[in-house]
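The structure under discussion appears below in the form of structure tokens.
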Amino acid sequence: MSSLPPKDSAGRLPPLPENWATICESEPLSFSGMIQPHGALLQVDLTGRITHASTNIGDLIPELTEHFGKRFPSDLLKRMGTTLDQILSSSPGDRKESASMGLTAGFPSLDAVFIRNSEGFLIELFLSRHSQSPLPPTLTTPFSRSLSPEDLNQELVSRIRALTGFDRVMLYAFRDDGDGEVLAENRNPDIYGTYLGLRFPGSDIPKIARELYLKNPWRLIPHAPAPSLPIRSLTGRPPDLSFSDLRSVSPVHVAYLANMGVVASLSFPVIETKSLWGLVACHSRSPRTLGLETLSAARSIVKHYNMALLQSHAEERIRTIDSLDHRLAPFREIFSKTENPDDILSVCATSLATLFNACGLVFFHNHAFTSWGTTPSLQSLDKLHELLGPRRSDPLWHTVSLTQSLPGIGPLPVAGLMALKLPKNSELWIFRPETLQEVVWGGNPQKPVESDASGAGISPRQSFERWVEKRVGQSLPWDKLDTLAALHLLRSSSPPPASPS
Ligand code: BLA
């Protein structure tokens, strides 16, 4: 399936451009001026004039061939179930979807999506595709509230695969560090190997591509290798395709999919507090397209999942905060009574160490260190204090590797640090030991791209085979719950606000 990147005449690959990540982030995805060929596209301006049209528009609506640069016929809009006023009175990003419209006698029926944008509105047109059999209603009902998080994830990917018929469906979640991992998978094992549990580097889905998921309900690529079609432009500028699912596919991503053995791809965003939490990613080894009705049914499954996920995260947060309140009560109490680090540590050290999976704690108070457990030597603590200096304006700072983050600190008996800035120029340092970790990646994460002799000079990695990274010299990562606990600790150590007199 995959082809090797082009080499120079001596058979060598050119060097990888140093700024490859910037190259990825600066591709103007929304202004490609081209669409995928499974549909047709029009941009209509605020006066109702057609300013852009894909070159295949006449294949779907013959009467529009003559209308480029002219007003979109209002009777046709009426037959499509809308009016110019209706569309223009909506807000940018609003969509209206109409399935199975018979617009031209003797022509197949069409699905249409109208999307309001800042220039006016886009119309996307597709040949209708009726699902062979009626949708089983159990697929689109809300998920049972009694499912565990793992079962919920599994149920999501099973339902999406049952509905869409793709060969592999995955739930892909972004991590705090921008990388992502496959949390659940349902696949045809005769076609695809498993990606379950594998991690993928953040650069596989550049920020610029992730942002488009906040604007669009899905991304369908029915046949990645199919040549894109140009869009005619009255303005000399390409239309803004941020809201268009027909937008042509980035060449780097076409190569990426080919290297993965994927011909058709469909993905849906999972969103939490206005940011992209993850994606439902579907792969097919052969071309595959779906009609508007099936896509919107799949969207509603993902929405049900999204609601269940938010609910489960909210419950988890409440449980965590309750448990933190309980576990930090002794700390709150002793802190309200004394500033003496010995007293504080003698009451709280063991429970703080358990809470944070820590091997050692250090209190810095009145220019002196008080230690508990395994901690750096006094000399190293002085050095750490000096090196942390510029960072100490943040109330919270953490690293999984002091030696990597603070070159010059020298060898230490600990690896990770969470530093908390307490009231009265005190600090609490929570140390974690080195923990050997194995992270299993889809391909070598140190080489997410390879050089190639064409265009931008980069191409995605060829192999997505399991690649095991052995992490040494690092502590376990500080995750969201650790940060939440640390923030709680900070709050617990602050004097209560003065009561109004
Ligand atoms: C897009 N990359 C994507 C998308 C996914 C991935 C899901 C969204 C489009 C789609 O659904 O096909 C990545 N797909 C994955 C991952 C898994 C998967 C991680 O199934 C794991 C299971 N890609 C690169 C590099 C660049 C890059 C180095 O590897 C940068 C030059 C770019 N990826 C890139 C671009 C897009 C993309 C530009 C947007 C493609 C588009 O929508 O046109």
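The values are calculated or read from the model by the stated rules, or taken from the named source; none is laboratory data. Only a predicted model underlies this, so the values are computations on that prediction, with no experimental measurement involved. Note that we place each Cβ from the backbone using ideal geometry, even for glycine, and neighbour counts take in every protein chain shown. Remember, those area values only see protein heavy atoms, side chains included, never the ligands or the DNA or RNA. Shrake-Rupley method; radii C 1.70, N 1.55, O 1.52, S 1.80 Å.
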Scanning region 233-249 for residues that are out of contact with any Phe, Trp or Tyr (no Cβ under 9 Å at 6 or more places or on another chain) and of a type in the set (D, E, K, R) gives Arg247
Checking Ile334 against (1) out of contact with any strand residue (DSSP E or B) (no Cβ under 9 Å at 6 or more places or on another chain); (2) closer than 17 Å to Thr483 by Cβ, which test does it fail? (2)
For Glu427, work out the one condition from (1) open to solvent by less than 30 Å² (accessible area, probe 1.4 Å); (2) charged (D, E, K, R); (3) under 27 Å from the mean Cα position of the chain (by Cα) it doesn't fulfil. (3)
Could you say whether any residue in region 232-243 is small (Gly, Ala, Ser), more than 14 Å from the ligand (Cβ to nearest atom) and in the same structural domain as Ile123 (by TED's automatic domain parsing)? yes
Report whether or not Leu276 is open to solvent by 10 Å² or more (accessible area, probe 1.4 Å) and more than 7 Å from the ligand (Cβ to nearest atom). yes
Take Arg247 and decide whether it is more than 16 Å from the ligand (Cβ to nearest atom), of a type in the set (Lys, Arg) and more than 22 Å from Arg187 (Cβ to Cβ). no
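Conditions tested, residue by residue: (1) under 30 Å from Ala162 (Cα atoms); (2) assigned to a loop (DSSP other than H, G, I, E, B).
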site: Asp85; (1), (2): no, no
site: Ser98; (1), (2): yes, no
site: Arg116; (1), (2): no, no
site: Phe126; (1), (2): yes, no
site: His130; (1), (2): yes, yes
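Looking at region 331-350 only, could you name the residues that are open to solvent by 50 Å² or more (accessible area, probe 1.4 Å), without any contact (Cβ under 8 Å) to a residue 60 or more places away in the chain and out of contact with any Ser or Thr (no Cβ under 7 Å at 6 or more places or on another chain)? Spell out the reasoning first.
Initial filter on region 331-350 (open to solvent by 50 Å² or more (accessible area, probe 1.4 Å)): 332-333, 336-337, 339-340, 342-343, 346-347, 350.
Then drop every residue that is not without any contact (Cβ under 8 Å) to a residue 60 or more places away in the chain, which leaves 333, 337, 340, 342-343, 346-347, 350.
Result: Glu333, Lys337, Asn340, Asp343, Ser346, Val347, Thr350.
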Which residues, taken from region 87-109, are at pLDDT below 95 and either over 24 Å from Ser242 (Cα atoms) or not small (Gly, Ala, Ser) (or both)? Pro92, Ser100, Met101, Gly102, Leu103, Thr104, Ala105, Gly106, Phe107, Pro108, Ser109
Checking the conditions here, which among Leu257, Leu266 is under 17 Å from the mean Cα position of the chain (by Cα), within 11 Å of the ligand (Cβ to nearest atom) and not in a loop (DSSP other than H, G, I, E, B)? Leu266
Which of the residues belonging to region 282-304 are open to solvent by 20 Å² or more (accessible area, probe 1.4 Å), within 15 Å of the ligand (Cβ to nearest atom) and not charged (D, E, K, R)? Pro287, Thr289, Leu290
When the residues of region 233-249 are narrowed to those that are charged (D, E, K, R) and in a loop (DSSP other than H, G, I, E, B), which ends up surrounded by the most Cβ atoms within 10 Å (Cβ to Cβ)? Asp245
The condition from (1) acidic (Asp, Glu); (2) under 30 Å from Asp204 (Cβ atoms); (3) modelled with pLDDT of 80 or more; (4) more than 16 Å from the ligand (Cβ to nearest atom) that Asp8 misses is numbered (3)
Look at region 456-489 and say how many of its residues are within 13 Å of the ligand (Cβ to nearest atom), in contact with a helix residue (DSSP H, G or I) (Cβ under 7 Å, 6 or more places away or on another chain) and open to solvent by 30 Å² or more (accessible area, probe 1.4 Å). 2
